[in-house]
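The values are calculated or read from the model by the stated rules, or taken from the named source; none is laboratory data. Model, not experiment: these values are computed from the prediction. We place every Cβ from the backbone using ideal geometry, glycine too, and count neighbours over all the protein chains shown.
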Amino acid sequence: MPAGFKDATQWHTYGVKWTEGKLEYYIDGVKFHTVNGFGQPNAANTPYGPFDQPFFLRLNLAIGGDYIDGKGGKWSNAYNALAKYPKSFPATMSIDYVRVYERRTAKEINVPDNNLRTQLNKKLSTVLSTNRKDDQKIADVELEKLTDLNLDTADNASEADKIHDLTGLEAAKNLKTLSLKNSSVFDLRAVSNIKSLKSINLTINR
């Protein structure tokens, strides 16, 4: 639990941030737990995931699991807990409000250069903590997650393996740095309107 969280009888704000690659849990704005693997078990010992499918929102007063007595004791049904802690029941949970926020509808971005698409999917795989295919479709909200982007090509790369066309990068509107060393780029119009962009490395380009 977050530091300072002690009294469950008082009002608290609970939150779950659900993204494609993970679930993040918050109490009073403080993150206290992250789940980023489908195989990780939840309190009912059931694996989480997948995270890229619709979820139901359920609010309940859970009774059971390994946390009833705070000592690792497991009370898998309410009758056992009632016998051991008679003063704890009946129990209630009061909810003042529920708010759900959703990211805006994602828009697919046209990335005609296959080498650029491959590189971007590799970077997004790391940033979003998820597995992506080299030719996977890319959305504008995903490219907005990128701030420092290294797209350097190996010195011994063939011309066919180099990036030629930057079309699609215009959606990466939060980019601060961009490195394209040893590419075959000659047109920078795709990134010319990114106001946050402070530096571009174009060493060994056309």
The range 169-206, residues that are of a type in the set (Lys, Arg), modelled with pLDDT of 95 or more and either within 22 Å of the chain's Cα centre (by Cα) or exposed (fewer than 14 other Cβ atoms within 10 Å of the Cβ) (or both): Lys173, Lys176, Arg189, Lys195, Lys198
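For Arg99, are the conditions met, namely being farther than 13 Å from Thr19 by Cα, out of contact with any Leu (no Cβ under 7 Å at 6 or more places or on another chain) and not hydroxyl-bearing (Ser, Thr, Tyr)? Outline the logic, then answer.
Numbers: farther than 13 Å from Thr19 by Cα: yes; out of contact with any Leu (no Cβ under 7 Å at 6 or more places or on another chain): yes; not hydroxyl-bearing (Ser, Thr, Tyr): yes.
Answer is yes for this residue.
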Can you confirm whether Lys145 is in a loop (DSSP other than H, G, I, E, B) and under 22 Å from the mean Cα position of the chain (by Cα)? yes
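Can you say whether Ser125 is exposed (fewer than 15 other Cβ atoms within 10 Å of the Cβ), modelled with pLDDT under 95 and among the small types (Gly, Ala, Ser), as far as the supplied structure shows? Spell out the reasoning first.
On the way: exposed (fewer than 15 other Cβ atoms within 10 Å of the Cβ): no; modelled with pLDDT under 95: yes; among the small types (Gly, Ala, Ser): yes.
For Ser125, the condition - exposed (fewer than 15 other Cβ atoms within 10 Å of the Cβ), modelled with pLDDT under 95 and among the small types (Gly, Ala, Ser) - is not met.
Filter the range 117-142 down to residues that are under 13 Å from the mean Cα position of the chain (by Cα) and part of a loop (DSSP other than H, G, I, E, B), then give me how many there are. Please lay out each step first, then the result.
Just the residues of the range 117-142 that are under 13 Å from the mean Cα position of the chain (by Cα), to begin with: 124-131, 141-142.
Going one step further and asking which of them are part of a loop (DSSP other than H, G, I, E, B), we end up with 128-131.
Residues flagged as under 13 Å from the mean Cα position of the chain (by Cα) and part of a loop (DSSP other than H, G, I, E, B) within the range 117-142 amount to 4.
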Close pairs from the range 189-200: first over 11 Å from Lys176 (Cα atoms), partner surrounded by 10 or more Cβ atoms within 10 Å (Cβ to Cβ) and of a type in the set (Asp, Glu), Cβ under 6 Å, at least 6 apart: Ala190/Glu170
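Please go through the range 96-143 and give me each residue that is of a type in the set (S, T, N, Q) and farther than 23 Å from Ser179 by Cβ, ordered by number.
Going residue by residue through the range 96-143, those that are of a type in the set (S, T, N, Q) are 105, 110, 114-115, 118-119, 121, 125-126, 129-131, 136.
Result: Thr105, Thr130, Asn131.
Given the options Arg104, Arg132, Arg117, name the one that is touching a Leu at 6+ places or on another chain (Cβ under 7 Å) and farther than 30 Å from Thr9 by Cα. So that I can check it myself, show each step before the final result.
Values: Arg104 fails: touching a Leu at 6+ places or on another chain (Cβ under 7 Å); Arg117 fails: touching a Leu at 6+ places or on another chain (Cβ under 7 Å).
Among Arg104, Arg132, Arg117, only Arg132 is touching a Leu at 6+ places or on another chain (Cβ under 7 Å) and farther than 30 Å from Thr9 by Cα.
Out of all the residues in the range 171-187, is one or more in contact (Cβ under 8 Å) with a residue 40 or more places away in the chain, on the phi < 0 side of the Ramachandran plot and in a loop (DSSP other than H, G, I, E, B)? It would help to see each step written out before you state the result.
Taking the range 171-187 first, the residues in contact (Cβ under 8 Å) with a residue 40 or more places away in the chain are 171.
Next, only the ones that are on the phi < 0 side of the Ramachandran plot stay: 171.
Now drop any that are not in a loop (DSSP other than H, G, I, E, B), which leaves none.
No, because not a single residue in the range 171-187 is in contact (Cβ under 8 Å) with a residue 40 or more places away in the chain, on the phi < 0 side of the Ramachandran plot and in a loop (DSSP other than H, G, I, E, B).
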